[in-house]
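Enquirer: Questions regarding the structure given below will be posed in turn.
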Amino acid sequence: LVTFLPTPSHVVGTNASVVVQALDQYNNLATAGFYSVTMLFSSNSIGFISARIDLVGGLGTGLVTSTVSESVNLALRDDFSSNLNVAATSSVQFSPGPTFEYTFVPGVAIDSVD
């Protein structure tokens, strides 16, 4: 069984690390062996992207970034005959970051603030 670890929300334009874990029949981390799965990313802005994820010590990581505020859907596929249950799905939410407003007044000196 391969599952997604919870992924917190991220700010638009930053990388989100998506971690998957392989579990054995007792729900323990499957640290023996080397597995590969395909991680599928999809959203309105990025379309559909897939990437090979190698699970070493039972863990594997993929990175995803979105340039707009949206939810990126995640899924897995067994393209490498690992015989793992890859039915898990998840998503990563990208939200706008903080905004700033600057007002420049003609003729007023700008001092640095320490």
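The values are calculated or read from the model by the stated rules, or taken from the named source; none is laboratory data. Because the structure is a prediction, the values reported are computed rather than measured. Cβ coordinates were reconstructed from backbone atoms using ideal geometry, including for glycine residues, and neighbour counts include every protein chain displayed. Heads up: the accessible areas ignore ligands, DNA and RNA and are worked out on the full protein's heavy atoms, side chains in. Shrake-Rupley method; radii C 1.70, N 1.55, O 1.52, S 1.80 Å.
Enquirer: Summarise the accessible area of the chain (1.4 Å probe, protein heavy atoms) by the percent that is carbon and sulfur.
Expert: About 54 percent, which is the carbon plus sulfur part of the accessible surface.
Enquirer: Let me ask something additional. Would you work out the charge dipole size for the chain about its Cα centre, treating the Cβ of every Lys and Arg as +1 and the Cβ of every Asp and Glu as -1, and quote it to the nearest 20 debye?
Expert: Values: 2 positive and 8 negative charges, 72 e Å.
About 340 debye.
Enquirer: Determine ³J(HN,Hα), in whole Hz, for all residues of region 37-53 in sequence, where each value follows from phi through the Karplus function 6.51 cos²θ - 1.76 cosθ + 1.60 and θ = phi - 60°; x replaces Gly and Pro.
Expert: Computed from phi, the couplings for region 37-53 are 9, 9, 9, 10, 10, 8, 6, 5, 8, 9, x, 10, 10, 10, 8, 6, 10 Hz.
Enquirer: Enter the mean projected area of the convex hull around the alpha-carbon atoms of region 1-104, in nm², rounded to one decimal.
Expert: Across all orientations, region 1-104 yields a mean hull projection of 7.4 nm².
Enquirer: Give the accessible surface of region 1-98 per residue, rounded to a whole number of Å², with probe radius 1.4 Å and ligands, DNA and RNA excluded. Can you show the working numbers first?
Expert: On the way: 5210 Å² over 98 residues.
So region 1-98 comes to 53 Å² accessible per residue, rounded to a whole number.
Enquirer: Which one, G97, T61, L23, projects farthest toward the positive side of the charge dipole computed for the chain from Cβ point charges (K/R +1, D/E -1)?
Expert: L23
Enquirer: Continuing with the same structure: Using modelled backbone amide H atoms (1.01 Å from N, in-plane), which distant-in-sequence or interchain residues come within less than 5 Å of Y35's amide H?
Expert: Sorted by chain and number, the residues that satisfy this are L55.
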